[in-house]
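The values are calculated or read from the model by the stated rules, or taken from the named source; none is laboratory data. Just so it is clear, the model here is predicted, and its values are computed rather than measured. Quick reminder, even Gly has a Cβ in these numbers, built from the backbone with ideal geometry, and neighbours come from all protein chains shown.
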Amino acid sequence: MKLMSLFDGSGGFPLAGALSGIIPVMASEVEPYPIAVTRSRFPEMKHLGDVSKINGAEVEPVDVITFGSPCQDLSVAGKRAGLEGERSGLFMEAIRIVKEMRGATNGKYPTFILWENVPGAYSSNKGEDFRVVLEEIIKVVEPDATMPPADKGRWPYADVYVGEGWSLAYRTFDAQYWGVPQRRRRIYLVADFRGQRAGEILFERESVRGDIEES
């Protein structure tokens, strides 16, 4: 399997992919220092630069596209401009790239996407922004899909959606349970565009490899 990492930072997703037997082949990042870090870790990985200038139909098809799109406009610590904000609105650029790649490969690639963001996304714009996130991802395979709003504007911290030939699952993880000495809660969302494995990936412990010793 091959992976492309958008909004790559210093290569967290490529590192996780490599540890799981997935080959990171491309990354999109604009900050020089994080790029220097990933060049040293993954010298074979191509750097594509600004995400808004990438055409998903023109790059190498990959099995997995990861994107921790900018969180500043969704975070409870920010001004909460939401997906209308200049930075968090870049989420739509990632969706565009996914659609372009799928269009160029007759829906074969990517098979999976993985989105990561702050829990503030649940409440941003009274829950509307997370509804849009879910709806836009589902529209990759069902263009006419509509996602209803959350009950009373409150999204559960974990859920699964299943359709004809696709699935989407998300849950909230806290880094303190993986050996990091801080509370750092993040949403992780997996979409499987060619099957119903998203829930298996996120909710079944045996489906992923890792160090399970106490820390």
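With respect to the conditions (1) in contact (Cβ under 8 Å) with a residue 60 or more places away in the chain; (2) part of a helix (DSSP H, G or I); (3) of a type in the set (D, E), E128 falls short on a single one, namely (1).
Here is the figure for the stretch 175-186: residues that are more than 24 Å from P110 (Cα to Cα) and in contact (Cβ under 8 Å) with a residue 12 or more places away in the chain total 3.
Take the conditions polar (S, T, N, Q) and crowded, with 18+ Cβ neighbours inside 10 Å and apply them to N117. Does it pass? Yes, satisfied. Looking only at residues of the stretch 143-167 that are part of a helix (DSSP H, G or I) and charged (D, E, K, R), we find that the one that is surrounded by the fewest Cβ atoms within 10 Å (Cβ to Cβ) is K152. Listed here are the strands (runs of 3 or more DSSP E) enclosed by the stretch 1-102 that have at least 3 residues being more than 23 Å from V118 (Cα to Cα), modelled with pLDDT of 95 or more and not polar (S, T, N, Q): 23-27.
Taking every residue in the stretch 47-64 that is farther than 15 Å from G103 by Cα and touching a residue at least 24 places away in the same chain (Cβ under 8 Å) and pairing it with any residue that is surrounded by 12 or more Cβ atoms within 10 Å (Cβ to Cβ) and aromatic (F, W, Y), at least 6 positions away or on another chain, the pairs with Cβ-Cβ distances below 7 Å are V51/F7; V64/F112. The residues of the stretch 93-120 that are under 13 Å from the mean Cα position of the chain (by Cα) and either free of Cβ contacts under 8 Å to residues at least 24 places away in the same chain or over 19 Å from G56 (Cα atoms) (or both), listed by number, are E116, N117, V118. Being among the polar types (S, T, N, Q) and either surrounded by fewer than 13 Cβ atoms within 10 Å (Cβ to Cβ) or not in a loop (DSSP other than H, G, I, E, B) (or both) is the filter; apply it to the stretch 168-204 and report the residue that is modelled with the highest pLDDT. Within the stretch 168-204, the match that is modelled with the highest pLDDT is T172. Has the stretch 129-136 got any residue that is on the phi > 0 side of the Ramachandran plot and among the basic types (K, R)? Looking through the stretch 129-136, none of the residues is on the phi > 0 side of the Ramachandran plot and among the basic types (K, R).
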